[in-house]
Amino acid sequence: MKILSLLKLFTVDPVQLNIKAKILSLLACFCAIFFIALITQATIGVSNSPIIVASMGASAVILFFIPNSPLAQPWPFIGGQLCSAFIGMSCALNIPETASASAVAVGGSILVMLLLRCLHPPGAATALAPVMAGESITSLGYSFILVPVGINVGLMLVLTVIINRWVMNRDYPSALSAAKETDKSLARSSTQPSHKIGITKQDIELALKNSDSFVDITATELSHLLSNAEMNTFKRIRGDICCADIMMRDITSVEYGTEVEDAWQLIQTKKLKVIPVVDNSKRVIGLLTWHDFFKYINLNAYDSLQYQFRRFIRRTASTETNKPEAVGHIMTQSVVTLPETAHIAELIPIMSLQGHRQIPIINEQHRLVGMVYQANLVVALYNQGLAQTVSSNK
């Protein structure tokens, strides 16, 4: 049994990527190293300086296979490589004994990286390069930090951003995505209750801070994984109920050029709270709410709200006007939509955390086919929970 348990360790995949992602990451490593060596050689010309540092190969693995790792972010990569090159060259020039120079170079580079919060494991290999290579690199002196290390690092970072963000569609640097998520959460906090049920990003950051083990993933990515796990659990327990099963199909919509007065009459006669705005192909381009009608009205102490509102929605008789006349001028353009095949679990974070009370539902052609309101979701969850209770009592 112990032998079988030992053999199972060899079957554990350290990189949880599918075959396509692994192939793309492999090609990214190949292209990055190839272009770095090519451009560096063209830059320095005929010189005794090496065109690429061996540790760039290890950096390429981290940057392209685990780009969301804290070790792969720009500052750890840049600071770790350059600081280690400085420490390594200093040890090679001042410590004649190889074993001692190697130990001090690795230990010193790690210490500096920890102090500057730029830990990047391949940096320790960069620190060893001047010590182990001998005269061929020590003859360069501290210029080794700029050529080839500095050039290699600069080119690698540029290629990493281009390949990860625009070729492989990954969020790199992850710190940039985390900042965007923080801005969104702060924007929502003014309209949402302060108390929320479930695990928040702040909870995860506190748990990571109190942990004695290193987790090779950012708090934002870990939060996404936990959210996906919760959603998968909900789907498994609640069954397959999609948006098409609970949405309202008979939906009143308006177009971009619909006059403001006509849209208001629709809202009043049909007692609506929101109307989706669509283009000529029935694709959703915005939402029209009660708030959109009143946000352009400026009142002073002597104005009547009723007078100002009627004046706003009424069509201007002249050809020139300084107020919005069409729905497209006052609608809310930031709209969240979901496909009709989406599971109702995807509605919960949008409605509970982001504060959306209604979600337009679209088909494969991105055309409007219905709307899901909060009441529809509540009824669906209640009916399903009631059905499960009845079946378990039988």
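The values are calculated or read from the model by the stated rules, or taken from the named source; none is laboratory data. This is a predicted model, so every value here is computed, not measured. In this analysis, Cβ positions are derived from the backbone assuming ideal geometry, glycine residues included, and neighbour counts consider all displayed protein chains. Surface areas here come from the heavy atoms of the whole protein model, side chains and all, with no ligands, DNA or RNA. Shrake-Rupley method; radii C 1.70, N 1.55, O 1.52, S 1.80 Å.
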task: Enumerate the calculated ³J(HN,Hα) couplings along segment 160-171 in order (Karplus 6.51 cos²θ - 1.76 cosθ + 1.60, θ = phi - 60°), each rounded to whole Hz, writing x wherever the residue is Gly or Pro.
output: 5, 5, 5, 5, 5, 7, 9, 9, 9, 6, 10, 7
query: Stretch L146-M132 to full length: gain in nm at 0.36 nm per residue minus the Cα-Cα span?
result: 3.2 nm
task: Could you pull out every residue, at least 5 positions away or on a different chain, whose amide H is within less than 5 Å of the one on H120? Hs are placed 1.01 Å off N in the peptide plane, and Pro or chain starts have none.
output: none
statement: Carbon and sulfur atoms account, in whole percent of the 1.4 Å probe accessible area of segment 59-181, for 73
- request: Give a quick list of chymotrypsin sites (Phe, Trp or Tyr not before Pro) in segment 202-260 that DSSP marks as loop, anything other than H, G, I, E or B, with at most 14 other Cβ atoms within 10 Å.
  value: F214
query: Of the trypsin sites (Lys or Arg not before Pro) in segment 201-260, which ones lie in a loop per DSSP and count no more than 15 other C-beta atoms within 10 Å?
result: R249
- line: Of every Cα-Cα pair in segment 27-88, the percentage lying beyond 18 Å is 43
- request: Provide the per-residue ³J(HN,Hα) series for segment 72-84, in order, calculated from phi with Karplus coefficients 6.51, -1.76, 1.60 and θ = phi - 60°, each as a whole number of Hz, with x at glycine and proline positions.
  value: 9, 6, x, 5, x, 5, 5, x, x, 6, 6, 5, 5
message: Can you compute 3J(HN,Hα) from phi for each residue in segment 50-60, using the Karplus curve 6.51 cos²θ - 1.76 cosθ + 1.60 with θ = phi - 60°, rounded to whole Hz and x for Gly and Pro?
response: x, 8, 8, 8, 4, 5, 4, x, 5, 4, 4
message: List the residues, sorted by chain then number, that are 5 or more residues from I285 or on another chain and whose placed amide H is less than 5 Å from its amide H.
response: V277, V278, D279
- request: Mind ranking 374-380, 27-33 by how tightly packed they are, going by the mean number of other C-beta atoms within 10 angstrom, highest first?
  value: 27-33, 374-380
- prompt: To the nearest 0.05, how large is the calculated FRET efficiency for E259 and R165 if R₀ is 51 Å and r is the Cβ-Cβ distance?
  reply: 0.75
